[in-house]
1. How many percent of DSSP beta bridges within the chain run antiparallel, rounded to 5?
2. Would you kindly state how much longer the chain becomes between residue 98 and residue 297 on full extension, computed as 0.36 nm times their sequence separation minus their alpha carbon distance, in nm to one decimal?
3. At 0.36 nm per residue, minus the direct Cα-Cα distance, what do residue 184 and residue 149 gain on full extension? Give it in nm, one decimal, please.
4. Among rounded, prolate and oblate, which fits segment 169-291 when a ≥ b ≥ c are the square roots of the eigenvalues of its C-alpha gyration tensor, a/c under 1.5 means rounded, and a/b larger than b/c means prolate?
5. Multiply the residue gap between residue 167 and residue 39 by 0.36 nm, knock off their C-alpha separation, and tell me the result in nm, one decimal place.
6. Calculate how large, on average over all directions, the projected area of the Cα convex hull of segment 367-476 is; give the answer in nm² to one decimal.
7. Quick one, can you get me the convex hull of the C-alpha atoms of segment 6-125 expressed as volume per residue in Å³?
8. Could you tell me how far the Cα centroid of segment 138-188 sits from the Cα centroid of segment 74-95, in Å?
Amino acid sequence: MSLQSSSTNEHRSSEYQRTLRLDPERPQKVLYVQGTTLKANLGRSAPPNSAFFSVKCTPNVQYSIAPPTQAASQPYPHSLDGKTILLISMSRASEHENDSKLSVRYYGQNKEVLSTAILHLTALEISLDVDANRDGVVERNNPDKGSWKWGPNGHGAILLVNCDSERRYLKKIDSEVDQISKLSDLRDMSKMVLRTRGPANLPPGYKLTMHISQGHAENVRVYGPKPHSYGNLLSGFSGDFTRVLTSQVLSGEVPYLGGVAEMTFYVEGLTFPDKDFDGHICINLSLLEPICQGLPETPIFTDTVMFRVAPWIMTPNTLRPIEVFVCSTSDNFSFLKGMKNLVANSGNKLRICHEYMNRGDRWMQDELEFGYIDAPHHRFPVVLDSPRDGELMDFPYAELLGPDFGYVTKVARRRDVSSLDSFGNLEVSPPVTVNGKEYPLGRIIIGVAFPTAIKGRTMTQVVQDFLWAQKVQEPVALFSDWLVVGHVDEFMTFVPAPDRKGFRLLLASPDAGYKLFRGLKNKGHGQAKLFDGLRDVKPVTVDEILHNEAFQAENNYVQSCIDWNRDVLKRELGLDDGDIIDLPILFKLEQNIDHVSRAVAFYPDMVNMIVLGKNLGIPKPFGPKVNGRCALETEMCSLMEGLGLNCTFIDDFASYHRLLGEVHCGSNVRREAFDFKWWHLDM
C-alpha cells in the first residue's frame, strides 16, 4: 500500500460530497461515483480514547485531511480531534469490484493501535447527458447540463413538443399516443444518453433509477430501449423502445450494462409552455444503495439534466412565403381567379380547401395561424387552431397535421369565445428594437377591448395565456373592439421595405381618405363615383362623401381609435412616423342589437392584404375613377411602388367585403422560419 499525503490529492470534486460513516469494527464495501467526494468525520467514527490516526490507500485512491494544516504541520501519525475530516476520491473507474482499498488506523495516547477501519472501494462513472451546449451533439458530462440559460452564450437542452403525426392515417397527434409510432418519430424527440464505466456488475442491491417530479411528468415522456435491444440501441424497429417515465410512472429502474457503455433515451415533449408551465423540465438519475432487507434504498448520487420546451413561433409578412391557402366556395370564383394569378406570379404553391371540407366557411385566416418549433436537431411547422371552430374547423387537423407538420389548439368555453378569437386578430411584427431591447423574432399583436370598456369583447384568456407563455415574441395588445368584426388585420399590416427597419407598418387612415377625396374635388372630380358598375350597389360621389357631416364624424371617431393604436405600436415596436404609411380607407358605423356602434370598412379595406414577397394582393377598392383609373388604386400603387412592391388588386367585393372580410381574411400563408435561433435571445 502507498501512503498518500494531502498535498498529492487534488483530483476530486467539491461540488458533490457524500457523508461516509467509517466502521472500525468491520470492513466496508463502498461504491464511489467519479467526480464526487466521500467525506468522513474521523472523530465521530473513532474508538474511545483515540488520539492519533493514519491513512493508507492503493494508487487509484486519493485523500486529503481537513483542516488542511493538520497533515502538513503535525508529525505522522496525525493527531485526532472532533473536527478532523477525511476527504476521499478516486482517479478512474474500477475494472473489478472492490479493486481499491483505503484504511484508517486509530491510535491511543501512547500511539498504540486501537482499531482499523477498512474500505473496499469500487469506482463507477455515471453521467446522464444531453445537448447542453445546443450544437446537436450530446456531449459528455457538460457542467451546465442541469440548468438553463438564455442567450448566445447560454446553455441547456431543448425539447420539442411531439405535436406532428408520423402515421397520418391514425389521425392522432404523436404526443397523444404513448408509444413510438415509427423510427422517424425519434427525430421529434431529444436524445438523452446514460454513460457508465465500471465493473461488469453493480454490487448486490445497488441499482440505477430515473425519476421525475409529478409537476414535470405531465409535460414529458421518456423512452428507453427494451432489454432485448441493449446491444443494438437502434435496430430498426419502433417496438424496441419502452416507456421509462410517464405521468403515471414517475420513477423507473434503468439497467447498468457494465464495462464502458452508453444507453440512449428519447425525451418527448407533450405540452407547450403555458400559464401554469414555464417550459422547464428536470430529469434525474440516481444511484440507490441498499441498507438492509426490508428497508428502502437510499440515493447516494443523483445526476440531473434540464430541458426547456421550444416555444411556438409566429412568422411575419417579411419572411419568404412557401404556401398560400384559400377556400373555394360557390360564390368566390372571381376572388379565386385573382388569387391563383397572384400566387403563380409570386412562384408560390397554392392549396385550395374545397367545399366538402370548408362547408361554406371561407375565412381561412380566422381559423388558423401558422408557426413553427425549432431545436438544434430538428424543426418543423406547427399550425395553431383557433377556438372559433367555424365550419372550417376540421381543416387544420384533417388536412395539415402529418409527418413533420404539427398541430396545437387551445380549447375555451364556448361562452368565452367571441369574434376576437378568430386569428385575423392575431398578427406578428417583423424584428424590432425598442429602447435598446431587441426582439429578433418580432412581437405578437392581438386585439382586445379598450381598457375602460365594461362589456367589451376580448380574446379569450386561454389563448392569451398561451401566447404570453411562449416568451420569445412578447405580445402587444391593441384596441380592436371598436370594429364590428374586431380584428387587428382590419386596420394594420406590415410590408417589407428596402430601407429603415426593413419594413413599413401600414395603417388604415380615414384622414388620408378624406385628404385624397378633397384633392379630387379640388381638381374637378367631385362627381367621380365610388362603386360605379357594381351590381346591387348604389354609387356614391366624392362630393356626397365630403358633404356628409355625420359620415365625417363617424370617421373622425374611427381615426381616433386608430391613432390610439398608432401610439401603442410606435411605443411598443420602437417606430417613428417615418416607419408608418397611412392608407386612404374610410369606415362606417353600424349599430348592433345592444345599440353599440362599431365600424366596418366603407369600401374594400386595402390594408387587409396578402403579402407574398414583393407582391401584394390588395382588395380592389372600386374607388372614384379619374382618367379611367381608380384613384384609390393609383394612390395605393404610388405608396407601395416606392418600396419596390407590386400591387395586384383582387375583386373580393361580393364574396368577402359584403360579408365583412377581405383578401387577408380569406387567405393564409405558411412562411419560412427565422434564421435567428430563439434560444439566443437575451431574456
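1. In the chain, approximately 75 percent of DSSP beta bridges are antiparallel ones.
2. In short, 69.6 nm is gained.
3. 9.7 nm
4. Oblate shape, in that a/c is at least 1.5 and b/c is the bigger or equal ratio.
5. Additional length available on full extension: 40.7 nm.
6. With every direction weighted equally, the projected area is 8.5 nm².
7. In segment 6-125, the Cα hull volume divided by residue count equals 92 Å³.
8. Rounded to whole Å, the Cα centres lie 45 Å apart.
Read-outs: derived from the displayed coordinates by stated rules, not from any lab. For clarity, every value in this text was computed on a predicted model and none was experimentally measured. Counting neighbours? That spans all protein chains shown, and the Cβs are built from the backbone with ideal geometry, glycine included.
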